[in-house]
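Laboratory data are not the source of any read-out in this text; all were calculated from the coordinates shown. Values in this document were obtained by computation on a predicted structure and should not be read as measured data. Counting neighbours? That spans all protein chains shown, and the Cβs are built from the backbone with ideal geometry, glycine included.
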Amino acid sequence: MAKAYRNGETRFDPTTVLVTGASSGIGAEVARFYARADRTLILWGRDAQRLEQVARDCRALGAGVRTQVLDLRDGGAAIAAFRADDDRHPVDLLVLAAGLGDMRQGTARTEHAETVLELGLVNYATPSALATAGAERMVARGGGHIVLLGSVAAFHALPFAPAYSGSKAGLMRFAEALRNGLSEYGVGVTLVSPGFVDTPMSRRVSSAKPFLQTAPAAARLIARSIEENRAHLVFPRLFSMLRLLDIVMPRPIRDVILRRLKADQAPRPAS
Ligand SMILES: NC(=O)c1ccc[n+]([C@@H]2O[C@H](COP(=O)([O-])OP(=O)(O)OC[C@H]3O[C@@H](n4cnc5c(N)ncnc54)[C@H](OP(=O)(O)O)[C@@H]3O)[C@@H](O)[C@H]2O)c1
């Protein structure tokens, strides 16, 4: 089996790739990117029809494909499903792309408590638990790579999206800590923090989306960062500078700027 490369020793060439959120957007494009004849792809999503369409595309490119329809709000079921998948096909690349975007609606003064809970589960708790389940197995096998999809929203305390920026900030810190904890075991961890990528999630945002990227371009950047065993991929790069600015700016000034920010997003389609 391929090993995560350490010190440039081995080229990382995964045999089995598991992607969550493979039914749409960035996850679907990551799946298509890795689809080829000598690979097994395990594709997770909620919408069975869209997931099957992505599976068909990947099979047409020669990959062996298994699909799993699963709601990540049930973290215990997700851990059990991961272990069952990994028993059949040891996963050497785990891409945790599933996520939910949401923000305070219209003139509402707060988010809904239920939404905050849901984003905490889908954006932070379940992916962190799945990354750990993957890490246990990969450490035992002596190699592998885990990718967590965060967001540049993690860099800023966005007043209109506390649940989204908070859940992605938690994921960011988790990914950094996991990478440090696994560094001596040949398992790589990459946190990916995109700006705006043209997917169903970002299409619901009605405010400006500067430097919008396509999902296939995002998938290529993610694949390159895995190949390079990068700790953190931020794209477009401008957002790294905004992050730095957020860190160095005196809090009173930063808070005034953040409180003036406005954004709006159409409600999520019923699932
Ligand atoms: N697009 C952007 O501008 C952007 C920017 C920064 C970060 N991101 C992050 O990138 C990742 C991918 O987002 P995307 O833009 O590709 O969005 P997307 O097209 O809406 O795809 C989201 C994926 O997550 C899955 N998902 C959502 N809730 C789920 C749940 N409860 N259980 C299982 N799966 C669930 C969806 O499954 P179904 O469709 O089958 O329901 C879908 O496959 C997310 O983590 C997102 O936060 C995106």
*Loop only per DSSP, at most 12 neighbouring Cβ atoms within 10 Å: give me the trypsin sites (Lys or Arg not before Pro) in region 70-163, ordered by residue number.*
Arg109
_Computed label-point distance, nm, for sites Ala263 and Asp74 using a 7 Å Cα→Cβ extension_ = 3.1
*For the chain, modelled as a GNM with alpha-carbon contacts under 10 angstrom, which of His232, His112, His156 fluctuates the most?*
His112
*asked:* Using DSSP to call loops (not H, G, I, E or B), can you name the trypsin sites (Lys or Arg not before Pro) in region 166-271 whose Cβ has at most 12 other Cβ atoms within 10 angstrom?
replied: Arg237, Lys262
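Extension gain Asp255-Asp13, at 0.36 nm per residue separation less the Cα-Cα distance, in nm?
Taking Asp255 through Asp13 to full extension adds about 82.7 nm, to one decimal.
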*Pick out which of Ala208, Ala153, Ala218 has the largest mean-square fluctuation in a Gaussian network model of the chain, springs linking Cα atoms closer than 10 Å.*
Ala208
*If you line up the long axis of helix 48-60 against the longest principal axis of the chain, both from Cα atoms, how many degrees apart are they, to the nearest 10?*
50
*Can you work out the FRET efficiency for the pair Ala37 and Asp87, with r the C-beta to C-beta distance and R0 = 25 Å, to the nearest 0.05?*
0.60
*asked:* I'd like the per residue volume of the convex hull spanned by the Cα atoms of region 1-120, given in cubic angstrom.
replied: 135
_Charge dipole (debye, nearest 20) of the chain; +1 at Cβ of Lys and Arg, -1 at Cβ of Asp and Glu_ = 640
*Could you work out, for the chain, what percent of all Cα-Cα pairs fall into each 10 Å distance bin, beginning at 0 Å and stopping at the bin that holds the largest distance?*
7, 30, 37, 19, 6, 0
_If each residue of separation counts as 0.36 nm, what is the full-extension length gain between His232 and Lys209 once their alpha-carbon separation is subtracted?_
6.1 nm
*For the chain, with the dipole built from +1 on Lys and Arg beta-carbon atoms and -1 on Asp and Glu ones, taken about the Cα centre, which of Ala97, Ala80, Pro250 lies farthest toward the positive end?*
Pro250
*Any chance you could give the angle, 0 to 90 degrees and rounded to 10, that helix 25-34 forms with the longest Cα principal axis of the chain?*
20
*Would you mind telling me which residue in Thr107, Thr214, Thr20 has the biggest mean-square fluctuation in a Gaussian network model of the chain, where springs connect alpha carbons within a distance under 10 angstrom?*
Thr107
